[in-house]
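Remarks on the structure that follows.
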Amino acid sequence: MDIESMTIEQRIALVQENIRRAADGRAVTLVGAAKTKSAELVARAIRAGMTAIGENYVQEFREKDAAGAYKGAEVHIIGHLQTNKVKYVVGKTALIQSVDSAALLAAINSRAAALDTVQDVLLEVNIGREPGKTGIAPEELPALLEAAAPMASVRVRGLMAIPPAESSRAYFAPMYQLFVDNRQKKYDNVSMDFLSMGMSEDYEDAIRQGANMVRIGSIIFGPRNYV
Ligand SMILES: *Cc1c(COP(=O)(O)O)cnc(C)c1O
């Protein structure tokens with residue numbers, strides 16, 4: 001069946017099956033990237049078995065959260081996060097995937113400490129070294145991991161990447177290598193559990209190249225409703 005004519009339940013089942021096949025026995029977390037999608041559609045996806053929802057925009061997260069959209073799933077922040085918005089997401093989301101500076105890490109740490117909680121985060125790497133794109137350069141990673149070590153209220157759980165769209169597949173192996181290299185080093189408050197890469201167009205290849213978390217939007221939720 002053509003994916004355009006499938007229900008969201010059928011699309012989720014198809015993607016889950018493709019993930020299972022590509023993963024070859026490894027555990028892979030599917031994160032539904034829900035930007036611009038309604039609270040109702042998000043809730044429907046969760047009822048259909050989606051266990052994690054990714055949001056890019058803090059305002060959109062707050063609105064859907066207030067509407068009760070996320071009941072039964074965890075929320076991940078996957079878009080660029082400004083320091084002044086940290087207070088709206090720390091302690092309310094399971095994973096902030098898009099941390100790309102020591103200043104942001106410190107802001108998350110102090111907010112989490114104030115709430116007496118520990119916030120899980122991923123560090124975002126600009127693996128394609130694209131100018132103007134968020135994420136740190138690969139060589140900046142050790143310094144950021146060292147910066148995280150004394151921060152008792154954040155836990156770095158791994159890495160996230162959004163490789164260049166036209167040539168994403170060329171970056172999966174280097175990204176996996178970076179993940180493995182840094183997993184072997186031991187830093188306090190760092191446990192390299194997740195490598196988040198792969199989206200609608202390339203998730204099966206990303207998984208075959210070592211991703212264990214994929215963020216999938218359009219092939220599940222349909223084209224985005226930008227106004
Ligand atoms: C929108 C988005 C995705 C999903 O993209 P699709 O191509 O629609 O699957 C994944 N990651 C991030 C950070 C996004 O903003």
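A short reminder: the numbers here are calculations on the coordinates, not readings from a lab. Because the structure is predicted, anything quoted here is derived from the model rather than measured. Glycine gets a Cβ as well: all are built from the backbone with ideal geometry, and neighbour counts include every protein chain shown.
Label-to-label distance, Leu115 versus Thr83, with points set 7 angstrom from Cα along the beta-carbon direction: 1.9 nm. Coordinate range of the alpha-carbon atoms in the range 3-220 per principal axis, descending: 49, 39, 33 Å.
Each label was represented as a point 7 Å from its Cα along the Cα-to-Cβ direction; for Ala13 and Ala106 these points are 5.2 nm apart. May I ask for the net charge around Ile136, where only other residues with Cβ less than 12 Å from the Cβ of Ile136 are counted and Lys, Arg are +1 while Asp, Glu are -1? That works out to -2.
Taking label positions 7 Å along the Cα-Cβ direction at both Arg183 and Lys71, the computed distance is 3.7 nm, reported to one decimal. In a reduced charge model with +1 at each Lys and Arg Cβ and -1 at each Asp and Glu Cβ, the range 1-65 shows a dipole moment near 180 debye about its Cα centre. When Lys64, Lys92, Lys71 are sorted by how many other C-beta atoms sit within 10 angstrom of their C-beta, beginning with the fewest, the order is Lys71, Lys92, Lys64. Pairs spanning more than 18 Å between alpha-carbon atoms, out of Lys64/Lys92; Lys37/Lys64; Lys37/Lys133; Lys87/Lys186; Lys92/Lys185: Lys37/Lys133; Lys87/Lys186; Lys92/Lys185.
Grab the other residues whose beta carbon is less than 13 angstrom from that of Arg44, score K and R as +1, D and E as -1, and report the net. After counting each charged neighbour, the total is +3.
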